[in-house]
Amino acid sequence: MSIANTAHSVVEPSPGTKRLAGSLVVLYAVITMIPLVWIVLTSFKSPDDAISYPPKLVFTPSLEGFCNLFTTRSRQTPEFIRTLGPSQGLCDGIARGRNMVIAGPSNYVPRFINSLIIAFGSTVLAVTLGTLAAYGFSRFRVPLKDDLLFFILSTRMMPPIAVAIPIYLMYRTIGLSDTRLGMILLYTSVNVSLAVWLLKGFIDEIPREYEEAAMIDGYTRFQAFVKVVLPQATTGIAATAIFCLIFAWNEYAFAVLLTSGNAQTAPPFIPIIIGEGGQDWPAVAAGTTLFLVPIVVFTVLLRKHLLRGITFGAVRK
């Protein structure tokens, strides 16, 4: 049988199969979105509505969770509150309605800023180092290349708890414990293995002839890399950056162990938001909702590169 006849004999999925597959994808998407929708809804509930049973789907929206997230409060007597002047804004009014006054700002904003600096800083470093290393493995004859690549990948297989104590002791000795620099270096070392493996696959797909033609025209190797390879690898770099950022943004185990104040990120801080009488669930939900925003924005901005990057090299001509 000829190749053409073989190609024509491939059975296409029936319309019913396509509809079933589409329905399963939609169902899966809806199921995965339910926790996110519930978190967003909880952030606009009052503390009483947040812990009501059965859970309330219809409720009066409130910004108390966001006010509690950004402020610290102290309980006062009604007599003392009446001696105060008019409430200074929405959050002050909500606090006084519960016989409380705002004592000052919370630590959420500094923790959020720490997350931004550490996550984006480590992502930039990991992608930069990963791109250079991937280019070297892709274009040059490296002794024991396969063994080195496997060793790099094996560092990603290790569970964090296996190296947490040694890293803690080392950081405490050299003064990197509870510092932004220490967390950036740690997350970079973890992410660079993923970056190397992903980017090597993308760079392998870029024909060497492009660089050779550039060097014949007088470009140096580095100029050919910057002006020829990097533009062609943009999709892979964007996809790799998103995966690295997601890890660094969500990482919890190292952040709990190695930070406590100055460099603490949002993931360890959000679960310990305590309200009067226990966990302040609307504030926790509000902090989680705001914590999702940078990742969503970053992913949306790079969505075209991400889709192209994931499918890059899937079909060879």
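Computed values, structure above
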| read-out | value |
| --- | --- |
| Residue satisfying condition, being in contact with a helix residue (DSSP H, G or I) (Cβ under 9 Å, 6 or more places away or on another chain), buried (at least 16 other Cβ atoms within 10 Å of the Cβ), among the hydroxyl-bearing types (Ser, Thr, Tyr) and without any contact (Cβ under 8 Å) to a residue 40 or more places away in the chain, within set TYR252, TYR210, TYR219 | TYR219 |
| Test: residue in region 124-134 that is over 30 Å from ARG208 (Cβ atoms) and of a type outside the set (Phe, Trp, Tyr) | no |
| For ALA285: the one exception among (1) modelled with pLDDT of 90 or more; (2) open to solvent by 60 Å² or more (accessible area, probe 1.4 Å) | (2) |
| Options ASN114, ASN107: the member that is within 20 Å of the chain's Cα centre (by Cα) and not hydrophobic (A, V, I, L, M, F, W, C) | ASN114 |
| Selection within region 24-44 - hydroxyl-bearing (Ser, Thr, Tyr) and open to solvent by less than 70 Å² (accessible area, probe 1.4 Å) | THR32, THR42, SER43 |
| Failed criterion for LEU132 (all others in (1) without any contact (Cβ under 8 Å) to a residue 24 or more places away in the chain; (2) assigned to a strand (DSSP E or B); (3) among the aliphatic types (A, V, I, L, M) hold) | (2) |
| Which numbered condition GLY136 fails, given (1) open to solvent by 80 Å² or more (accessible area, probe 1.4 Å); (2) over 30 Å from PRO271 (Cβ atoms) | (1) |
| Residue pairs meeting the criteria (Cβ under 6 Å; at least 6 apart or on separate chains; first of a type in the set (D, E, K, R) and surrounded by 12 or more Cβ atoms within 10 Å (Cβ to Cβ), in region 172-183; second modelled with pLDDT of 90 or more and not in a loop (DSSP other than H, G, I, E, B)) | ARG180/ILE117; ARG180/ILE118 |
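The values are calculated or read from the model by the stated rules, or taken from the named source; none is laboratory data. Because the structure is predicted, anything quoted here is derived from the model rather than measured. Counting neighbours? That spans all protein chains shown, and the Cβs are built from the backbone with ideal geometry, glycine included. When the accessible area is computed, the model is the full protein with side chains, heavy atoms only, and any ligands, DNA or RNA have been set aside. Shrake-Rupley method; radii C 1.70, N 1.55, O 1.52, S 1.80 Å.
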